[in-house]
Every structure is written in C-alpha cells, then in structure tokens.
1. For a protection proxy built on the mean count of beta-carbon atoms within 10 angstrom, sort 79-91, 53-65 highest first, please.
2. If you take every residue apart from D98 with its C-beta less than 11 Å away from the C-beta of D98, what net charge results, scoring Lys and Arg +1 and Asp and Glu -1?
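Throughout, read-outs are computed from the coordinates displayed, never taken from laboratory work. The structure presented is a predicted model; accordingly, all values stated were derived computationally and were not measured. Virtual Cβ from ideal backbone geometry, glycine too; neighbours counted across all protein chains shown.
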Amino acid sequence: MLEQLFKGFDDAPPPDPDDLDAQIVSGLMQQTYDLGAPRLAAESRTSGRGAKHDALKSFADRYRVEFERNPRRAMTATAEALHMSRATANRWARKCRDVGMLPEAPE
C-alpha cells in the first residue's frame, strides 16, 4: 500500500491540472504533498507567537456574541467557534482586556 501511495513522489512542481495522464503518474502522495495544509496569508501571520490586532478584534466580537447568549459558557463557546483551545481563548481574552477590547472579567 505504501508503494502505491508514494509512487511517483517528487518535490517538483505539481502537474498541469488539465493533464490527467500527468496527474495519474504523479501519484496520490504527491497530490497530497502538493495540496498541503492551508496556510494564512503572509501578512496575517505573526512574526512570533501571539495574535495580531485584527485577530484579537474578531475574537472579542465573537466573545461578546457568545457572552450575550450564555455568560457562563461564553469562553468555551468562543473557543469552540474559533477552533482553538480553551487555554488559548483565555490568553486571547486577557490580551483583549489589556488593550481595552473587552471589559475586565467580573469576579
């Protein structure tokens, strides 16, 4: 099975999408390699760890919506909606509060 997956594997540019014969020769694993994982546009990636202003704003907007729906579950619902861990959501909320995008959490 591995032989079939890696048949024709090469890190050369992918074949022409209109050339079906070339696609067959390129093999399944090559096509998977060529597709790769989706990536953010270069300008939206951070140079280090952490979120940029636009991402934090989107997070804060979503958190406010979830807070209106159910204040007790707002952080979990926001994390699920944005496909991030609850720990990351808590860090982002802290950053949003630090820059004034969200009010301080009630104690």
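1. Highest-to-lowest ranking by the protection proxy: 53-65, 79-91.
2. Here the count lands on +3.
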